[in-house]
Amino acid sequence: MTDVNPGPSIASNPNSIAVLTPVNTQQYAGSYQGSDAIRLLGQARGVNANAVGDTIIPVINSTKWVVSTVLITNATTSAITAAFAGLFTATNAGGTTIVAAAVLTTLSTSSVIKYSAISATASTAAQTGANMYVNVGTTLAGTAATFDIYILGYDLS
């Protein structure tokens with residue numbers, strides 16, 4: 001039974017998994033690929049900008065984290081520029097404010113990206129919640145409109 005092909009090779013361990021979803025194993029003195037890198041902490045696509053309420057964003061593979069950047073993009077219509085939205089650690093704009101509710105004025109087309117300012121409280125305190133919440137406030141787009149939100153930051157767990 002020589003020269004038998006066993007199939008595709010699988011050569012991975014916790015320290016060779018793609019940086020997209022790093023695994024913090026603390027092996028090799030923490031010097032694995034992707035350590036201390038800004039990565040995607042959560043995302044929500046198709047957030048309704050014409051309905052008051054919260055959209056849940058599960059935190060990806062982290063038990064202790066801090067947000068460094070919030071990107072909002074892919075607006076489906078220019079009417080979205082009238083809507084208010086913010087990012088929080090609890091429902092109904094509660095918990096820690098990550099991005100204060102603000103009007104989405106610059107989102108005039110699907111190719112525009114809005115970089116949202118992180119609140120001082122959020123940037124100086126590690127968070128441990130399993131979810132974040134996009135809260136669309138009482139000022140709405142006025143017509144069917146959606147956007148995507150991407151939250152990037154550091155995994156401290």
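Yes or no, residue by residue, for (1) acidic (Asp, Glu); (2) modelled with pLDDT of 80 or more; (3) touching a Gly at 6+ places or on another chain (Cβ under 9 Å):
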residue	(1), (2), (3)
THR97	no, yes, yes
VAL112	no, yes, no
ASN131	no, yes, yes
ASP148	yes, yes, yes
Item to check | Residues being surrounded by 20 or more Cβ atoms within 10 Å (Cβ to Cβ) and in a loop (DSSP other than H, G, I, E, B) - total across segment 77-106 | outcome: 2
Item to check | Filter pass, LEU107 being of a type outside the set (Lys, Arg) and in contact with a Lys or Arg (Cβ under 7 Å, 6 or more places away or on another chain) | outcome: yes
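Is there a residue in segment 127-136 that is over 18 Å from GLY53 (Cβ atoms) and either of a type in the set (S, T, N, Q) or without any contact (Cβ under 8 Å) to a residue 24 or more places away in the chain (or both)?
Pass one, segment 127-136, residues over 18 Å from GLY53 (Cβ atoms): 127-130.
Keeping just the survivors that are either of a type in the set (S, T, N, Q) or without any contact (Cβ under 8 Å) to a residue 24 or more places away in the chain (or both) gives 127-128.
Yes: one or more hits.
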Checklist entry - Which residues, counting only those in segment 49-76, are assigned to a strand (DSSP E or B), at negative phi and out of contact with any Phe, Trp or Tyr (no Cβ under 9 Å at 6 or more places or on another chain)? => result PRO58
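Any chance you could count how many residues in segment 114-129 are modelled with pLDDT of 85 or more and outside any loop (DSSP other than H, G, I, E, B)?
Taking segment 114-129 as the starting set, the residues that turn out to be modelled with pLDDT of 85 or more are 126-129.
This time we only want the ones that are outside any loop (DSSP other than H, G, I, E, B), so: 127.
The qualifying residues number 1.
The values are calculated or read from the model by the stated rules, or taken from the named source; none is laboratory data. A quick note: this is a predicted structure, and the numbers were derived from the prediction, not measured. Using ideal geometry, Cβ is built from the backbone for each residue, glycine included, and neighbour counts are taken over all protein chains shown.
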